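S.K.: Please find one structure pasted underneath; my questions will follow.
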Amino acid sequence: MKKFLYFLAGMIVVFWMLYLVVLPLNVEKYFSPVEALPSEEWLIAKRHPLSNLFVSDMHADTLLWHRSIAEKSELGHADIHRLRSASMGLQVFMSVIEAPKDVESDSIAQEGDQITPITILDKWPATTFDSYKQRALYQASKLYKAEVNSNGKLKVVLNREDLGASESWEAYQSPLFAILGLEGAHATEFDIANLDILFEAGYRSMELAHYSDTPFAGSSSGMVKYGLTKNGEKLIQRMNEIGMIIDVAHLSQKAIIDVLELTSKPVYSSHTGVFSKCPKARNLSDDLIKQIAEQGGIIGIGFFKDAICGELLSDLVESIVFVRDLVGAQHVALGSGWDVAPLAITPQQLPDLTRALLKQGLSEQEVRMIMGDNVLRFFLNNLPAKGT
């Protein structure tokens, strides 16, 4: 028995030494949702028809992957080069902390975790292997490192004053503003005290649930889909106090109603669809869209199939126009979902979306609001002030 234990210990040491010297696998190479990138000439020829258009998007999962967003890449949808080439002025980068083995059904239990293999194969710090909080802190550090390596092309936003430079922003020239958001409240490890740690790390918005129900709130695709729990109510109050913006994406209908009744601040849904156009559990009913808008919130329309029940630009446009007709152009925005799944358009095709909205008869002012000004206004109004 003793010989076997020595052998086992030796094998563990050998395995660990091999792990330390082997390069990260770069898991994204095997799951990249985009096959090819357009040429530089194509990018220049396909610029937006509106001059100096400020484009904003509320959901990119790019920080999940091994690559730096400061570097041009052949993988995925987004890096700062591709985003700035599409006239992007503001991007919310979400930290994906966990994902259960089932992410497809409308009744999902918290079983398994698809992110753990990525942390190991892409050689994240060992502390992230079994800690949701450490995963969030690591992904935040990646954004700050990208800012340092961007040669001034990326600016991480922590307060409304950081967005003050948007007044002199110039398309294709100015830095990309970046805001950190959390995909679900798992990064708190369901201890409200950790919310302040995440806020100090730079996170400025958070969902309360992801694919499954949590100790804070029910998920739209959870097993029970309940509303806010007592701890969830306390979490909302603390988020309001410190200036952490509430993202109601993935929440159950009951939880969204509870949040709207309790919060003293406007909320947003970073990436969703319209239930009456695409009857999926995670999409918002007309009534919820109206309630969010009435309280000063905005709705980010996702570019993925479960949000728009289609894979074409026309499907995306249809949902955007529906929300505009329902509550006004000032309450609808883009919530793409860059870098996890195939989408109706890539960042390089955002000018096609601008043209399609104009073709639908929307005014230039409405298109500017939808393509980016709404998100900029929302964060200018709801981010904490510097020093608070």
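S.K.: Can you find, among L262, L228, L182, the residue farthest towards the positive end of the dipole of the stretch 55-382? Put +1 on the C-beta of Lys and Arg, -1 on that of Asp and Glu.
M.R.: L182
S.K.: Also, I was wondering about something else. For a footprinting-style exposure proxy, rank W169, W65, W124, W338 by other Cβ within 10 Å, fewest first. Let's see the in-between values first.
M.R.: Values: W169 17, W65 23, W124 20, W338 28.
Starting with the residue having the fewest Cβ neighbours, the order is W169, W124, W65, W338.
S.K.: Using Cα atoms only, what is the angle between the long axis of helix 313-327 and the major principal axis of the chain, expressed in degrees (0 to 90) to the nearest 10?
M.R.: So the helix axis and the longest Cα principal axis differ by about 70 degrees.
S.K.: Please turn the phi angles of the stretch 364-377 into ³J(HN,Hα) values with the Karplus equation 6.51 cos²θ - 1.76 cosθ + 1.60 (θ = phi - 60°), one per residue in order, whole Hz, x for glycine and proline.
M.R.: 4, 4, 4, 5, 4, 5, 5, 6, x, 5, 4, 5, 4, 4
S.K.: Limiting things to C-alpha atoms, what are the Rg and the maximum Cα-Cα separation (Dmax) for the stretch 55-382, in angstroms?
M.R.: Rg, Dmax (Cα atoms, Å): 18.1, 53.
S.K.: Quick one: helix 253-262 against the long Cα principal axis of the chain, what's the angle to the nearest 10°, folded into 0 to 90?
M.R.: That helix lies at roughly 70 degrees to the long axis.
S.K.: Once you wrap a convex hull around the alpha carbon atoms of the stretch 232-274, what is its projected area averaged over all directions, in nm²? Intermediate results must be reported in sequence, preceding the final value.
M.R.: On the way: hull surface 11.9 nm².
The orientation-averaged projected area of the Cα hull of the stretch 232-274 comes to 3.0 nm².
S.K.: Taking the convex hull of the alpha carbon atoms in the stretch 40-151, what volume per residue do you get, in Å³? Could the numbers behind the result be given before it?
M.R.: On the way: hull volume 15.6 nm³, N = 112.
Measuring per residue, one finds 140 Å³ for the Cα hull of the stretch 40-151.
S.K.: What's the percent breakdown of Cα-Cα distances in the stretch 157-263 across 10 Å bins, shortest bin first?
M.R.: Reading the bins upward from 0: 15, 43, 25, 13, 3.
S.K.: Something else about it: Just to check I understand the Karplus step: with θ = phi - 60° and J = 6.51 cos²θ - 1.76 cosθ + 1.60, what whole-Hz values come out for the stretch 265-274, glycine and proline as x?
M.R.: Along the stretch 265-274, the couplings run 10, x, 10, 9, 10, 5, 7, 8, x, 9 Hz.
S.K.: Against the longest principal axis of the chain, how steep is helix 2-21, in degrees 0 to 90 to the nearest 10, with axes from Cα atoms?
M.R.: 40 degrees
S.K.: Divide by every residue of the chain the summed helix terms, -39500 (n - 2.57) for each DSSP H run of at least 4, and state the resulting mean residue ellipticity at 222 nm, rounded to the nearest 500 deg cm²/dmol.
M.R.: Details: 14 runs with 139 residues, N = 388.
So the calculated ellipticity at 222 nm is -10500 deg cm²/dmol.
S.K.: Only Cα pairs under 8 Å and at least 6 apart count here; give the relative contact order of the stretch 55-382 as a rounded whole percent. Could you put the intermediate results ahead of the total?
M.R.: Details: 726 pairs, mean separation 60.2, N = 328.
With pairs under 8 Å counted, the relative contact order is 18 percent.
S.K.: Here is a follow-up. Taking H placed 1.01 Å from N in the peptide plane, check which residues at least 5 places from A281 or on another chain put their amide H under 5 Å from its amide H.
M.R.: HN-HN under 5 Å from A281: empty list.
S.K.: How large is the Kirkwood hydrodynamic radius of the stretch 242-377, in angstrom, based on all distinct alpha carbon pairs? Write out the running numbers ahead of the final one.
M.R.: Details: mean 1/r = 0.0676 Å⁻¹.
This gives a value of 14.8 Å.
S.K.: Quick one: work out the % antiparallel among DSSP beta bridges in the stretch 55-382, nearest 5.
M.R.: Numbers: 2 of 32 bridges.
Expressed as a percentage, antiparallel bridges in the stretch 55-382 total about 5.
S.K.: For the stretch 136-149, what does the Karplus curve 6.51 cos²θ - 1.76 cosθ + 1.60, with θ = phi - 60°, yield as ³J(HN,Hα) per residue in whole Hz, taken in order and with x for Gly and Pro?
M.R.: 5, 5, 5, 5, 4, 5, 5, 5, 5, 5, 5, 4, 4, 8
S.K.: So who's got an amide H within less than 5 Å of the one on I301, skipping anything under 5 residues away but keeping other chains? H placed 1.01 Å off N, in plane.
M.R.: For I301, whose amide H was placed from the backbone, the distant partners under 5 Å are T272, A333, L334, G335.
S.K.: Considering amide H positions built from the backbone, and no H for Pro or chain starts, which residues 5 or more places from L251, or on another chain, come under 5 Å of its amide H?
M.R.: Hits under the 5 Å cutoff: S220.
S.K.: Also: Among all stretches of the chain without exposed GluC sites (Glu not before Pro) (DSSP loop, at most 16 other Cβ atoms within 10 Å), which one is longest?
M.R.: Details: sites that count: E35, E71, E74, E104, E111, E170, E189, E311.
Formally, the longest exposed-site-free interval is 190-310.
S.K.: Another one. Excluding residues on the same chain fewer than 8 positions from K123, give the lysines whose Cα lies under 24 Å from its Cα.
M.R.: K29, K72, K101, K133, K142, K145
The numbers here are math on the coordinates, done by the rules we state, and not lab data. If you're wondering where the values come from, they're calculated on a predicted model, not measured in any experiment. Backbone-built Cβ (ideal geometry, glycine too); neighbour counts: all protein chains shown.
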